[in-house]
Every structure is written in C-alpha cells, then in structure tokens.
Ligand SMILES: [Zn+2]
C-alpha cells in the first residue's frame, strides 16, 4: 500500500505528503472517519514513507518498503484488537489480511478489545531504540477498542512522547476515545468516498463491469469495504430475502419469531448482514420515492431502480413511515453483528421494532 494506491482522500494524502517532505510529521496522529474509507491503508502508506531509507516518500523497491508492505518491518508496530486467547495463527491471519487488503477487515477482530498488556508491551518496545535509524511507527487500529486501562497507559506515552516515535491512531468512533488522548493528537478527518471513486475502484481494481460497479457503488454509501462485501454474488437473492422479511413483519408475533428462526438456520451471519445493508438501501429509496412527485427524477436518485413498482406499493401500504428512525435501527443491528452479538437477539429485536414502526394502513 502506498499513497498512489489510496482511493480518493486526495486532500489528506496531500497534507501528509507535504508534511513528509518538510519532515514535519507530528508525533501523534488521529485518523478518523467512517469505516471503509481508507484510514488503515493511509496509515500503512504513511509508515512506508517514513521508514523507506531510499526515497523522500517511498520507493516500493527497498527492503524497508517491502517489509512495511508485509507488515513485518521491525520498526513498524501494528496494534489491533485481539482476543486474549487468540492463537498465534489467528493473529497472523489478521495481519496478513490487513497487509493483503487494508480496506477489508476479517471477522476475527470484531469483538475483542486492545488490552492493557498490549500497551504495556508497546511501552517496553518504544523505550528501546529503533532497529533501523528512521525511528518507529506505531499504528493502533480501532483505537476506540482500547480498554480504559489501556487508554490511560497509552496516554502516558502521548504525554511524554519518546524521541523518533510516531503514533497513528485509527478510529471510526473518535467519540469513544478519551478526550485527553484526542487533544494530544493531530487530527485528520477522512471523508466518505464519492460514488465515482468507488465505482472507478471497482472497475479498475476488482475488474467489475461498469454497470454492476455503478449499482454497487450506489449501495455502499462511500464505504469501499461495504462495496467489496456486496461484490459477493447473490445480491439478488438477499434482496428477495430482505423484501420477504419486510412482508413478514406484519405477521403475528409467533409467526414472525418462527420466520426469524428459520432464517437464522438457513443463512450465515454474512448473508444476513448483507441483507440488512440492502434493507437500509431499500428504506432510503422508499424515502426518496415519497419525497419525489415526479417520476422522471426517480431514475437518477433511486438505487433499486428496477423495483420501482414494489417500492411504491410498499410505501403506499403503510401509514407515514419514520424512515430516519428505521434506518438508524437497521444500522444499529448491523453494528451489533459486527460486534458478534448473538444473531437471534439482534434479529428478534429488529423485527419487533420494525413491526412497531411500520403501521399498515387500515384499508390496504
Ligand atoms: Zn523504499
């Protein structure tokens, strides 16, 4: 990963390149922004530029550049949430998946936190001088996953930064970080990617046909990781399932519960998560549908363009719908899936909330 391989984020990359050229990289940086916009990729690219001994930025040719790319450089310390019981193999898997594609995230590190032990070890390491002469780069991924003790311990490093150490904290939930940590870092905000940027990346990197790339880019709302997840075939099938779930929401409680149980038996977590992503897209479209009177405007604004009729029937059969609230509930369920909460708990809660929020018109 190097700066040229970053999708979008032109402003951030240019700020960092300039700081590198002027040798003015702050000792602590906080990369914040939504998931899937390239924060980890940028952190690795920055580490490469800082540790390459051949070029002002990076050469992608020397042992330093290669070892950063493999995440095996002795002066690059990569910290990410991991279970205490994580096996060496699992940690290796996480590492190699990040090195292969920093835009993706393996399921292995969804729930765990960053422990005090990890930060204690880090402190010991930074107390020693670096192996090569260009200093050390520490990247903390999902920095918000630090336990309170870990965060307080890290704060001490920030308060008395060791010489030639650069700390890059990466988070999509900066509000969950200690404010004392945030205030000691130079903050860099990452914007969601544009639809075009994702579309181009899908075409250029993933060899996706233009038409499909366009649809997936629309569905991923600036999140390239989500786009990659959606690439997985079977979008149509999950879309059918999603519409089926919404149809079942009006059933009796018992029937609804049985339906959810059957769905959990039949589909894996990943499929259900995608189904929920498609559901947010569906409600977003339904909202657009309601707000636009002129059908000619639909084509450009809708994502489920091919399902306009079903959409109209859907919105027409319910009393006024609180779209914002529904989309928040679904997004929250997706977040809980990422945190490995039991799927049945998540889904039961969601369908009953939807049942409350979707009131069928009496005469339809
Ligand atoms: Zn190099």
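A compact table of results
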item: Filter pass, residue 213 being surrounded by 13 or more Cβ atoms within 10 Å (Cβ to Cβ), modelled with pLDDT under 90 and in the same structural domain as residue 330 (by TED's automatic domain parsing); result: no
item: Residue list for segment 331-356, filter: within 21 Å of the chain's Cα centre (by Cα) and more than 21 Å from residue 247 (Cβ to Cβ); result: 331, 332, 335, 336, 337, 338, 339, 340, 341, 342
item: Test: residue in segment 114-123 that is within 30 Å of residue 268 (Cβ to Cβ) and either out of contact with any strand residue (DSSP E or B) (no Cβ under 8 Å at 6 or more places or on another chain) or touching a residue at least 60 places away in the same chain (Cβ under 8 Å) (or both); result: yes
item: Failed item in (1) under 22 Å from residue 12 (Cα atoms); (2) within 16 Å of the ligand (Cβ to nearest atom); (3) in contact (Cβ under 8 Å) with a residue 60 or more places away in the chain, with residue 132 passing the rest; result: (1)
item: Some residue of segment 103-119 being part of a loop (DSSP other than H, G, I, E, B), modelled with pLDDT under 95 and within 14 Å of the ligand (Cβ to nearest atom); result: no
item: Entirely in segment 245-358, the helices (runs of 4 or more DSSP H) that have 3 or more residues that are under 30 Å from residue 172 (Cα atoms) and free of Cβ contacts under 8 Å to residues at least 24 places away in the same chain; result: 323-338, 343-357
item: Count - residues of segment 1-22 that are under 23 Å from the mean Cα position of the chain (by Cα) and assigned to a helix (DSSP H, G or I); result: 10
item: Residue ID - nearest to the ligand (Cβ to nearest atom), chosen from residues in segment 66-81 that are surrounded by fewer than 22 Cβ atoms within 10 Å (Cβ to Cβ) and part of a helix (DSSP H, G or I); result: 66
item: Boolean, residue 60 is within 28 Å of residue 24 (Cα to Cα), in the same structural domain as residue 39 (by TED's automatic domain parsing) and touching a strand residue (DSSP E or B) at 6+ places or on another chain (Cβ under 9 Å); result: no
item: Condition met for residue 60 (at pLDDT 90 or above, within 16 Å of the ligand (Cβ to nearest atom), within 21 Å of residue 17 (Cβ to Cβ) and assigned to a helix (DSSP H, G or I)); result: no
item: Qualifying positions in segment 1-29 - in contact with a helix residue (DSSP H, G or I) (Cβ under 6 Å, 6 or more places away or on another chain) and modelled with pLDDT of 95 or more; result: 6, 7, 8, 13, 16, 28
item: Residue in segment 38-56 that is part of a loop (DSSP other than H, G, I, E, B) and away from the ligand (no atom under 15 Å from the Cβ) present; result: yes
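The values are calculated or read from the model by the stated rules, or taken from the named source; none is laboratory data. Keep in mind it's a predicted model, so treat the numbers as computed, not measured. Counting neighbours? That spans all protein chains shown, and the Cβs are built from the backbone with ideal geometry, glycine included.
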